[in-house]
Each structure stands twice: as C-alpha cells, then as structure tokens.
C-alpha cells in the first residue's frame, strides 16, 4: 500500500481492511457500552441506585472486554496456526512485562468470584481502612477513615481518632488480596462488638455503676440487638460457628488503683462513634445523679516524713 508515494511496509489491502474493521468495531463497542449504561440510568429514574449502576457498568465493561478480545482475535488471526503463535508470544510478553497488572487482574477476579467485598463495604485492605467507593479491573478506591485510640499507633497512623472519614481517597491495587488479609466490616455481619470502659474507685458502689451502664446501653442498642439476632442466626447456620451472646454484659477487671467496668454491646458498622458518644453522655449524667465517681490517675498524699533543715556556717553569715 502506497501513501503519498511512500510504500508502507507490511501494509496491503487486507491489512487496511482489517484496520478499518477494527476501528469501526472499537467505536461501535464503546457506543454499545455507553448505550447500556444510559438505559440503566433511565430505568432507575431520578433516584438512582448506586449499587445497580456500579454493577451495570462493571457488567458492561467485562462484556465489552471479552467481546472485544474475541472479535479482534477473529479479525487479525483468521488462521489457527497464526492465532496459536500470536497467543503464545502475547502470553510470554504479558507475563514478563505486566506481572503486577496480571496479578491485579487476577485479584479482581478473586474479589468478584469470592464475594470478598463490593462498593459500599467497609474494609481494611493493604493497610487502608475505609469504605469502598470504586472497584476496577486493577484498582480499588477507598474513602479512608481514622482509627480508634486503641489502634492509633497502627501503620499508617491517623490524625482522626475515630472511625470517621479523613477526607483522603486511597487507591489500592487488587493484587493486595494475595499478600495481606482483607478485613470486611459489613459483608456477612453488618454489626461489630464495641466496648465502653469506665474506671470506678474501690470505695464506690460498683454494683450500682454496673446497673447504670447496662441501663444506658440497653436504652440505645435495644433495637440493634433485635436486628442483629436474625443476622447472627443466619451466620451461624451458614458457617457452623457459635457467636457470643449479643446481650450487653459488664466485665470486671481489678487494677492497682480502681475497678474497670467494661460493658460489651453490639453496634452497627457505621455510626459506632455516635453511639458510644450518646451512651457516654448518658452514663456521666446518671453517675452524677447517683453521686458516683469516675476514677482518675490522681494521688492523695496521706503523710510526709519529718523534714530537717541544717545550714552551714557560710550560709548563716550570708543570711546576716
């Protein structure tokens, strides 16, 4: 094939025809994907379901990719022998040059096939905690959240001292599912166990303090307790495990200075900080009404040894 009087190496009528078919097919495939997404958006109406739209885009992308690969192979490798040779060379080059990309793609397949997580789940992956906001063939985007004070020193350290968003969006490659465990807070059991610890002096009425803790917790988590029981039973039947009793309970721990009362209860995966804040405010108010103290790290000096001050002769002369 000649172009402006210059003969192009490897170009002939057949190759030009294949290039034209490839261009038309790629454009048509992109238009088809856009049409599918647009139809899904119109069907869902004004109040679009983000999960439905996400899975629609995922299905359209996967379908377009598979159809594109099959069609392009059919266009360019109509000879079976050439197809085998081309696939071999392509596979060898891909395995050598794109190892991480292939591993990330394999991680995507594991995530989808194993129901590891989906958009909207709260997870920890690759050392990042937060909510999944996007999932592609090679990457997962996470809206990062802070950490409770108990794990504040974990890597990476956060300045937000609670499970609330930091404002950063972190991109993690999907190959991390092969290297590190993935923690999912919402997939199977959308509740977590929380604890609130209150130190009480030994001289205080710790039985009354326990009653107050249980009453405040029951007031705020009673509806959650009923909802979580159904999920608990389903989880136990599916995985043949026996979960702890979800009823709030207070545990005692003796220290050198006070008694630690730790109340254990169930909270939703989202909103745990707000729930603990409400319970803490109620406990403080009831402690104040009941004249109960919250222990602190202060010390009372009950006695001092006799102190004797002796001045030498130079000091006496100086004072004169």
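One residue alone among 238, 268, 249, 264 is surrounded by fewer than 17 Cβ atoms within 10 Å (Cβ to Cβ) and either at pLDDT 90 or above or touching a strand residue (DSSP E or B) at 6+ places or on another chain (Cβ under 8 Å) (or both), and that residue is 249. Scanning the stretch 133-147 for residues that are modelled with pLDDT of 85 or more and within 11 Å of the chain's Cα centre (by Cα) yields 133, 140, 141, 142, 143, 144, 145.
With respect to (1) closer than 16 Å to residue 218 by Cβ; (2) touching a strand residue (DSSP E or B) at 6+ places or on another chain (Cβ under 9 Å), the lone exception for residue 281 is condition (2).
For first residues located in the stretch 88-111 and at pLDDT 85 or above, partners that are part of a helix (DSSP H, G or I) and lie 6+ apart or on another chain with Cβ distances below 6 Å form the pairs 103/175; 104/174; 104/175; 107/174; 107/175; 107/177; 108/174; 110/177. Of the residues examined, residue 243 is not one that is surrounded by 12 or more Cβ atoms within 10 Å (Cβ to Cβ) and either part of a helix (DSSP H, G or I) or at pLDDT 90 or above (or both).
Filtered by the rule that a residue be part of a helix (DSSP H, G or I) and surrounded by fewer than 16 Cβ atoms within 10 Å (Cβ to Cβ), the stretch 170-206 gives a lone residue, 178. Just one of (1) exposed (fewer than 12 other Cβ atoms within 10 Å of the Cβ); (2) without any contact (Cβ under 8 Å) to a residue 12 or more places away in the chain fails for residue 285. It is (1). Condition first: crowded, with 18+ Cβ neighbours inside 10 Å and either modelled with pLDDT of 75 or more or touching a helix residue (DSSP H, G or I) at 6+ places or on another chain (Cβ under 7 Å) (or both). Now tell me which residues in the stretch 148-169 satisfy that. Passing the criteria: only 163. Number of residues in the stretch 71-87 that are under 30 Å from residue 134 (Cβ atoms) and at pLDDT below 75 equals 1.
The values are calculated or read from the model by the stated rules, or taken from the named source; none is laboratory data. Computed from a prediction, not measured in an experiment: that's the story for all the values here. Positions of Cβ are backbone-derived with ideal geometry, glycine not excepted, and every protein chain shown enters the neighbour counts.
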